[in-house]
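Presented below is the structure to which this report refers.
What follows is calculated from the coordinates using simple rules that are stated; it is not laboratory data. Only a predicted model underlies this, so the values are computations on that prediction, with no experimental measurement involved. All Cβ positions, even for glycine, are placed from backbone atoms using ideal geometry, and neighbour counts span all protein chains on display.
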Amino acid sequence: MLIALLVPLVLAVLLFSFVLVRSAVRQRALPKLEAIIVGAIVCFFDALGIGSFAPTAAWLKFRRLVPDGLIPQNMLVGLTPPSIAEAIIFLVLLGGLVDAPLLVGCVLALLLGGLVGVPLVTRARVWVVQLVVAIALVIAAVAYAMTNLHLFPGGGTASSLPLSLMIIAIAANFAFGILVNFGVGNFAPSLVMFGLMGLDPRYAFPIMAGGAALMGAAASTRHIQIGKIDLRIVLGLAIGGIPAVLVAALIVKSMPVETLRWLVIIVVLYAATVMFRAALLGRREHHPEGATAPVLE
């Protein structure tokens, strides 16, 4: 079953890579150095459990590297290659220990939700995207704080779930897939959900990473085809992120990250405040405030 899951993942990766490289060559897009540095930093700490979506969204907002309404798409496409590297590592190390129907069901549900979410975020008003990203940042900050304070559910020792809980988990992953397109990472809500269900937290990682990689490759392919991304940012995040993930996952086994997580909370909450304000003004005036950076055509 693990091989059956890795095969479509590899095929999706090949298709995604082909579309991304072809678009980059066609537009003669070169990776932005700043994005490479950001990708390396956020993906290194993502592999250590801090997460990459919230700090990336905060930085893109602060620096106005892309318009607010396009932050989720650029994050998703740019951070998908590093997430694929994570997924392969977790699936190889732990995938065979997880109940196969649970693993495959959740991964496919996240994939379908991600595909459904592509047209939703593309057609959404900018202030709606700003509001969703702001809420996602607040949720991320709360998750970081709960992690530091050891308030997250500890989970159990199970590698499978009863049928009723499995159905709930699969349905929840479909919703997580939609929300990922809006910049809401699936790791934090998945960890909480599986912890409450009694699943061993180690076994949540191949589910989360496998689903994020397959969904990210498929949804990112559509976002590249739609064209509402800045390939300079996307390429930079990907190029910086892949080696950082490998270093963190394979070389750095553990490091104290609680202090860094508190700093990230402050930055993320500030970014959320700015984004909330932009959303409220955008809704009132029917146009977004702030970011006007051009997107490569």
Open item on the list: If neighbour count is taken as other Cβ atoms inside 10 Å, put LEU6, LEU76, LEU94 in order from fewest to most.
Closed with: LEU6, LEU94, LEU76
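Figure the gain on full extension for VAL21 and LEU151 (residue separation times 0.36 nm, minus the Cα-Cα span) and round it to one decimal in nm.
Between VAL21 and LEU151, full extension yields an extra 42.5 nm.
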TODO: With a length cut of 20 Å (Cα positions projected on each helix's long axis) and a Kyte-Doolittle mean of at least -1.0, go through the chain and give me the DSSP H helices that pass.
DONE: 2-27, 33-47, 71-94, 100-123, 126-148, 163-180, 201-226, 231-250, 258-285
Task: Inter-site label distance for VAL7 and LYS228 at 7 Å from Cα along Cβ, in nm - done: 3.6
Task: Highest-fluctuation residue, GLY96, GLY117, GLY216 considered, GNM on the chain with Cα pairs under 10 Å - done: GLY96
- [ ] Take every Cα pair under 8 Å in the chain that's 6+ residues apart, average their separations, divide by the length, and report that relative contact order as a whole percent.
- [x] 39
- [ ] Give the peptides 15-21, 25-31 in descending order of average Cβ contacts within 10 Å, highest first.
- [x] 15-21, 25-31
TODO: With springs connecting C-alpha atoms under 10 Å apart, model the chain as a Gaussian network and identify which of LEU70, LEU79, LEU263 has the largest mean-square fluctuation.
DONE: LEU263
Task: Approximate shape of the chain as ellipsoid semi-axes (Cα gyration tensor, √5λ), whole Å, largest first - done: 28, 22, 19
Open item on the list: To make sure I understand, if each residue's beta carbon is the centre and we count other beta carbons within 10 Å, what order do HIS150, HIS223 fall in, fewest to most?
Closed with: HIS150, HIS223
- [ ] Assuming R0 = 35 Å, can you tell me the calculated FRET efficiency for the pair LEU163 and VAL142, based on Cβ-Cβ distance, to the nearest 0.05?
- [x] 0.70
Task: Helical contribution to [θ] at 222 nm, DSSP H n ≥ 4, -39,500 (n - 2.57), averaged over the chain, rounded to 500 - done: -26500 deg cm²/dmol
TODO: Hey, can you grab everything whose amide H is under 5 Å from the amide H of LEU199? Only 5+ residues off in sequence or another chain; H modelled, so Pro and N-termini drop out.
DONE: GLY156
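Between beta-carbons, use under 15 Å as the cut-off and find the net charge around LEU269, counting Lys and Arg +1, Asp and Glu -1.
Here the charged neighbours net out to +3.
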Task: Cβ-based exposure ranking for TRP262, TRP59, TRP127, in which fewest neighbours within 10 Å come first - done: TRP262, TRP59, TRP127
- [ ] Would you please name the trypsin sites (Lys or Arg not before Pro) within region 34-86 that are DSSP coil residues with at most 15 other C-beta atoms within 10 Å of their C-beta?
- [x] ARG64
